[in-house]
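A short worksheet on the structure shown next.
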């Protein structure tokens, strides 16, 4: 996927990549956390790729990005690069500016992916052939009039890969989108039937994107398109028994109604 966007300017080792920690702090006061990080290659031929979704211009990020690369390089003792994904051309132009460190010869120019450098993917076969690019297309074209078709294409194509991996893609895209595009992605995940929806629902709990197990339970049910009445939500939130909540969470990924959740 990266080679198709950056060509010869970015050489990716042949070995498959592995997702690594996004926390890039190294015993410093500030907490540095990128949106994603993948370590490609093995042994001496490795490359660490940091990805950051940047929704708007933020001068502070220029200093943060320098820390990302320095800490990633120190941690894995290999070359590291930064790729910034932007939903608008204005943000993409800003993100691509050279960052001067003050040290002679040491200037960082982030690699940027924006709407102008990413194809609009509305063909399922094309998306299946390059899931990563299809996900990037969805993020960078979040304000495009064709975004409903782009998202429908992506969510359908995700059925072709491992459910756990598909769930990670779906979650990453949902979080990266904003406004109507994000609502459309959430609607698709709630109203359509996908093989990876169970994994996606579990990730909402495991990744801590909702606070409290009771709220996580409600979030999962709604994400699966299962109606939850005010009375049912109140019953869930009023439950203080950990074992009961754990049981309901397990059921939430497979039940077809909220009433079924409460069936003993």
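No value in this document is a laboratory result; all are computed from the given coordinates. Worth saying up front: this structure is predicted, and the values here are computed from it rather than measured. Glycine also receives a Cβ, built like all others from the backbone with ideal geometry; neighbour counts cover every protein chain displayed.
Couple of notes before you dig in:
- When 44, 219 are sorted by how many other C-beta atoms sit within 10 angstrom of their C-beta, beginning with the fewest, the order is 44, 219.
- Here the simple spin-label model places points 7 Å from the Cα toward Cβ, and for residue 70 and residue 101 these points are separated by 0.7 nm.
- Neighbour-count order for 128, 173, fewest beta carbons within 10 angstrom listed first: 128, 173
- Using the alpha carbons alone, the radius of gyration of region 222-264 stands to its Kirkwood radius in an Rg to Rh ratio of 0.92.
- The mean of 1/r over all distinct Cα pairs in region 118-184, once inverted, gives the Kirkwood hydrodynamic radius of 11.4 Å.
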